[in-house]
Amino acid sequence: MLADNVFKKIIDKQIPARLVHEDEQCLAFHDIGPKAPVHVLIIPRKEIRTHDDLQPEDAALVGHMHLIAVKLARDLGLHDGYRLVINCKERGGQTVPHLHMHLLGGRDLTWPPG
Ligand code: AMP
């Protein structure tokens, strides 16, 4: 089941996060339970519950999030590669009901995921 939107509280500065990027469209911060040496979450300020809720007008926002991922991967030293993950809804493993992109790297990542 999807939990409370803790990411909205991070956007509103009600709870702290280890920010690595912030602009008018999105935030990025270290995951509180890292699954790899580098594990950053990139989230839009706009409240979008799941990937399945994206609309045509969100195309530029999604593109921006990808370009921030490229910048952060470089800044965080992931020159040999990394993985971007978006879990969608319960069966996709999503636990926080606010769209977020995981940027994972710093170790060999196996395939397929569980
Ligand atoms: P997902 O399972 O795709 O919804 O990912 C949610 C992610 O949010 C998990 O990897 C959690 O470890 C992470 N998370 C939950 N609460 C926080 C928080 N307060 N600060 C940073 N990351 C969090």
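Summary table below
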| quantity | calculated |
| --- | --- |
| Among (1) closer than 17 Å to Lys8 by Cα; (2) surrounded by 13 or more Cβ atoms within 10 Å (Cβ to Cβ); (3) among the polar types (S, T, N, Q), the one test that Thr95 misses | (2) |
| Any chance Gly81 is surrounded by fewer than 16 Cβ atoms within 10 Å (Cβ to Cβ) and more than 23 Å from Leu19 (Cα to Cα) | no |
| Within the stretch 79-104, considering residues that are at positive phi and touching a residue at least 12 places away in the same chain (Cβ under 8 Å), the one nearest to the ligand (Cβ to nearest atom) | Lys89 |
| Flag for Arg45 being surrounded by 12 or more Cβ atoms within 10 Å (Cβ to Cβ), charged (D, E, K, R) and farther than 27 Å from Pro113 by Cβ | yes |
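Residue by residue, here is whether (1) modelled with pLDDT of 95 or more; (2) surrounded by 13 or more Cβ atoms within 10 Å (Cβ to Cβ); (3) among the basic types (Lys, Arg) holds:
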| residue | (1), (2), (3) |
| --- | --- |
| Asp4 | no, no, no |
| Phe7 | yes, yes, no |
| Arg18 | yes, no, yes |
| Phe29 | yes, yes, no |
| Val38 | yes, yes, no |
| Asp53 | yes, yes, no |
| Arg74 | yes, no, yes |
| Gly77 | yes, no, no |
| Leu99 | yes, yes, no |
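The values are calculated or read from the model by the stated rules, or taken from the named source; none is laboratory data. In this text the structure is predicted, and so the values were computed from the model without any measurement. Backbone-built Cβ (ideal geometry, glycine too); neighbour counts: all protein chains shown.
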